[in-house]
Amino acid sequence: MKGGSFAAVALTCLISCAAVAAPTASLSTAYGRAHGRIAATKSSFRSRSRQRERVNYGSIEIWGTPRFIQMTKQALDYLAEAQVLERIQRYIKMIYEPDDDMGSGMYVMPKAFRVGGPTWKAGPVWYAGAIAHDSMHSKLFWDAWARGANETGVAPDVYTGPAAERKCLAFQFSILADLGYASYYAQYFKRLESDPSYADAVVRDW
């Protein structure tokens, strides 16, 4: 934990509805729109900072500054240690650092995780848990899509909202427990699970 405090490590669970297909949109159309947004982000990286780089970790593409990339690789190493990396890679295809360094969130289509500074700078163990958390949001969406919701649209409460948030928290905590941090985080997660309303924040400072 950064500074030994929970203050800087609020959970990352934003789902961008703008990146989700409308009920009548085809998958290819939805992907095209979503990839257009990510392409614009990549272009912004190239134009605004020469320090931005792209690397691959398995099937996950990482975009950001050298320090961000280093911390992301360390977090993914922890997920490999916890033996969940293969699962994570099915639901996250890109991890990137926003220019404003704030506002973490999961874009379920096309499986892109935006990570704010307070999250990735909190340390690789917490960061690993945050990646796991948001991969669960993506999994909930894509599981529903595979069950046929691609024809009618995936209802937001399937992958976001209190019930979904508790599933993501449970998965996140299981990863932290597997890494030996159960006792350190147990009380904190109990508080979050009892009231996951933090996920409704419009302005995210993590």
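Laboratory data are not the source of any read-out in this text; all were calculated from the coordinates shown. Just so it is clear, the model here is predicted, and its values are computed rather than measured. Virtual Cβ from ideal backbone geometry, glycine too; neighbours counted across all protein chains shown.
Highest-first packing order for the peptide set 184-194, 65-75 is 65-75, 184-194, based on the mean count of other beta carbon atoms within 10 Å. With 24 Å as the limit, write out which pairs from LYS73/LYS190; LYS111/LYS190; LYS73/LYS139 have Cα-Cα distances beyond it, or answer none. Violating the 24 Å limit, Cα to Cα: LYS73/LYS190; LYS111/LYS190.
Working note: Karplus 6.51/-1.76/1.60 with θ = phi - 60° gives segment 84-92 the couplings 10, 4, 4, 5, 4, 5, 6, 10, 10 Hz, where Gly and Pro are set to x. Using the Karplus relation 6.51 cos²θ - 1.76 cosθ + 1.60 with θ = phi - 60°, the per-residue 3J(HN,Hα) values for segment 109-115 come to 10, x, 6, 10, 9, 8, 10 Hz, with x marking Gly and Pro. How big is the Kirkwood radius of segment 138-201, worked out from every pair of different alpha carbons and given in Å to one decimal? Roughly 13.0 Å, rounded to one decimal.
Less than 5 angstrom separates the built amide H of GLU53 from those of GLY64, THR65, all sequence-distant by 5 or more or on a different chain. Taken along the Cα-to-beta-carbon direction at a fixed 7 Å, the label points for GLU86 and SER183 span 3.3 nm. Normalised by residue count, segment 80-153 yields a Cα convex hull volume of 84 Å³ per residue.
Taking 0.36 nm per residue of sequence separation and removing the Cα-Cα distance, the ASP195/ARG166 pair yields an extension gain of 9.5 nm. Taking every Cα-Cα distance in segment 49-206 and sorting them into 10 Å bins starting at zero, the pair-distance distribution P(r) comes out as 11, 41, 37, 11, 0 percent.
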